[in-house]
1. Enter the angle in degrees (range 0 to 90, nearest 10) between the Cα long axis of helix 70-83 and the first principal axis of the Cα atoms of the chain, meaning the one along which they spread out most.
2. Name the residues of region 166-203 whose amide N is less than 18 Å from a point 7 angstrom out from the Cα of residue 212 along the C-beta direction?
3. At what distance in nm do the modelled label points of residue 129 and residue 197 sit from each other, each positioned 7 Å from its Cα along Cα→Cβ?
4. Hey, rough spin-label estimate for residue 159 and residue 100, points 7 angstrom out along Cα→Cβ, what's it come to in nanometres?
5. I'd like the FRET efficiency for residue 67 and residue 244, computed as 1/(1 + (r/R0)^6) with the beta carbon distance as r and R0 of 45 Å, rounded to 0.05.
6. What ranking do 144, 76 get, fewest neighbouring Cβ atoms within 10 angstrom at the top?
7. Can you compute the modelled spin-label distance between residue 112 and residue 141, with each label point 7 Å from Cα toward Cβ, in nm?
8. So how much slack lies between residue 74 and residue 226, counting 0.36 nm per residue of separation and subtracting their Cα-Cα distance, in nm?
């Protein structure tokens, strides 16, 4: 009882926006176990915390969860939720990739899972030979992929990326749109100013309009803020998100326990500066608007 009372006082003192619903553990490409992540979240005064391992894909990767480990993922979560039920609200989700109309968050396999939330993301594109390549990578690797897999056709890559995002939005099956413009950091790194060209902006405008129409949450992903100085989506889009009435949730996309809060306060300040008064957070399993403090 003493610890619970102390935890409540810490949360009140630090503010009510200490939450995170995008986190990876050793079940996928995270660097520690789920218990360590939870203990770090408690130590930092978090009120709620969610796991979102990379969902299984139909082929082997080094960064997604194996299908055979899904049951263990749920078992370990339930164990931790019971142990820490008086200290933090824990939630379970998945980050589910869109590949094509056959493999995406709307699949019955994922819809039948008892998840608290689902993040829909695009990490992979089908290259000119029909092979899936990971474009969520370093600038150097992206430059190699552009040359070796797309014959340096950057415009084609951009259209393919946005088309995949739009298809994922149409098919549904998720709650949160993950790091929704992340590829454009690499695009501008290899082709400066490309993402600001008029045709790209028109595609992005249509993209955000479709997000608003479908009512999805947009994640303000803070993972690379301190390393690269940017959020995903980039801050220049915050006013458009606000104008369209798109609700946002701040997530750190943490793979290391000490980074679960990385960039959160900067993101909240940027949202506030751009007119946002609230962010979405899970409270008793329901998404609610919570004032930014």
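Each reported figure results from applying straightforward, stated rules to the coordinates on display, with no laboratory input. Here the structure is a predicted model, which means the values were calculated and not measured. Every residue, glycine among them, receives a Cβ derived from its backbone with ideal geometry; neighbour counts consider all protein chains shown.
1. 30
2. Zone members listed by number: 166, 169-170, 177, 180-181, 201-203.
3. 2.6
4. Roughly 1.9 nm, to one decimal.
5. Working: r = 37 Å, r/R0 = 0.82.
Computed FRET efficiency for residue 67 and residue 244 comes out at 0.75.
6. Working: 144 13, 76 18.
Fewest-to-most ranking of 144, 76: 144, 76.
7. Between residue 112 and residue 141, the simple spin-label model gives 3.3 nm.
8. Numbers: separation 152, 0.36 × 152 = 54.72 nm, distance 3.19 nm.
Result: 51.5 nm gained on full extension.
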